[in-house]
Amino acid sequence: MTQLTHPDRTATTPGHLLDHPTELTGTDLSTMHGFGGLHGGLLLGLLTATLSAEGSAGLSAGSGSRALRYVTAQFLRPAVGAVELVSAGADIGRSLTRVRGRATAEGRDVMTASAVFGHFNAAGTNPAITVPMPDVDPPDECDAFAIPTEFVPFAQHIEIRPTDAHRPYIGGRDATLTAWIRMIEDDAAPDAFRLVTLLDALAPSYAAVLDQPIPIPTVELSVRISSRLEHATSPWILLRATTLETDGHWVDERIDAWTPAGDFVGAATQVRLVQA
């Protein structure tokens with residue numbers, strides 16, 4: 001069990017917490033909030049890091065490490081106050097490890113999650129299929145987009161550079177947002193837990209067709225990590241978020257991720273709920 005304490009003894013960065021989730025106690029998390037509570041992608045990244053440690057502890061000597069392949073989470077309510085990350089134990093098989101866990105705040109569940117860890121296979125005889133990266137300008141040729149930190153405090157830890165004219169809440173025609181994104185305090189390429197966090201760090205793609213701010217919280221988030229993430233060398237990740245279908249209330253969204261070199265490194269699907 002790992003505990004997060006809301007105020008306020010030591011300031012740190014999201015990347016440091018993802019590397020050292022056991023140091024969460026006594027950390028000032030006020031700059032890491034999204035809408036109404038701890039940023040959801042960061043919370044899932046932290047819980048996934050905790051589940052990874054649980055799964056690794058149960059592996060026998062000589063069996064090798066198992067990397068995050070997939071995680072899915074249900075968001076139950078905002079994470080406000082002291083938060084605990086709890087593992088429910090690992091199911092270790094011959095090729096996969098499954099670990100379940102939950103995050104609680106003030107004694108109530110705020111998130112449940114299940115993660116799958118496994119080996120990344122070396123190139124074999126089976127054909128590989130990937131998702132091609134959109135033709136966009138590199139990050140150093142794109143202008144930064146500033147999210148007001150009083151609206152989303154977590155925004156001060158990330159840099160977003162849209163690759164086109166689409167922006168949230170401009171009443172556009174296309175429910176798609178494409179942008180380069182990175183954690184400001186990290187110069188290294190993202191690992192799996194950072195990628196989980198970043199995949200939830202853009203505004204909802206559905207916001208691009210709305211003309212006023214409306215909360216669109218996440219109900220469920222699923223992330224798959226590609227073996228190509230091991231080849232990432234830049235802190236920048238290109239995200240393309242697209243609303244696949246909505247009735248104006250429930251939103252099904254997909255987010256794809258690439259490195260500047262064009263490697264597809266992961267994807268997420270989200271179910272969101274428009275709170276008009």
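The values are calculated or read from the model by the stated rules, or taken from the named source; none is laboratory data. Remember, it's a predicted structure, so these values are computed and weren't measured experimentally. Cβ placement follows ideal geometry from the backbone for every residue including glycine, while neighbour counts extend to all protein chains displayed.
Got at least one residue in the stretch 162-174 being closer than 28 Å to T112 by Cα and assigned by TED's automatic domain parsing to the domain that holds G248?
So far as the stretch 162-174 goes, no, none of its residues is closer than 28 Å to T112 by Cα and assigned by TED's automatic domain parsing to the domain that holds G248.
Across the stretch 201-235, what is the total count of residues that are within 30 Å of F120 (Cβ to Cβ), more than 16 Å from the chain's Cα centre (by Cα) and hydroxyl-bearing (S, T, Y)?
Summing the residues that are within 30 Å of F120 (Cβ to Cβ), more than 16 Å from the chain's Cα centre (by Cα) and hydroxyl-bearing (S, T, Y) in the stretch 201-235 gives 3.
If a residue has to be touching a residue at least 60 places away in the same chain (Cβ under 8 Å) and either in the same structural domain as L68 (by TED's automatic domain parsing) or touching an Asp or Glu at 6+ places or on another chain (Cβ under 6 Å) (or both) to count, how many in the stretch 222-240 make the cut?
Matching residues across the stretch 222-240 total 2.
Filter the stretch 174-192 down to the residues that are part of a loop (DSSP other than H, G, I, E, B) and either at pLDDT 95 or above or within 16 Å of the chain's Cα centre (by Cα) (or both) and list them by number.
Correct list: D174, A175, I184, D186, A189, P190, D191.
Tell me whether the stretch 50-63 contains one or more residues that are in a loop (DSSP other than H, G, I, E, B), at pLDDT 90 or above and in contact with a strand residue (DSSP E or B) (Cβ under 8 Å, 6 or more places away or on another chain). Lay out the reasoning, then the answer.
Initially, the stretch 50-63 is screened for residues in a loop (DSSP other than H, G, I, E, B), giving 58-63.
Then drop every residue that is not at pLDDT 90 or above, which leaves none.
No - not one qualifying residue is present in the stretch 50-63.
Report, by residue number, each residue of the stretch 89-134 that is in a loop (DSSP other than H, G, I, E, B) and within 15 Å of A67 (Cα to Cα). Break it down stepwise before answering.
Quick first cut of the stretch 89-134, residues in a loop (DSSP other than H, G, I, E, B) only: 93-95, 106-107, 119-134.
Within the stretch 89-134, G93, R94, S95, H119, F120, N121, A122 qualify.
Pick out the one residue from R254, R224, R272 that is assigned to a strand (DSSP E or B) and over 26 Å from G172 (Cβ atoms). Explain how you work it out, then say what you get.
On the way: R254 fails: over 26 Å from G172 (Cβ atoms); R272 fails: over 26 Å from G172 (Cβ atoms).
None of the others qualify; the one that does is R224.
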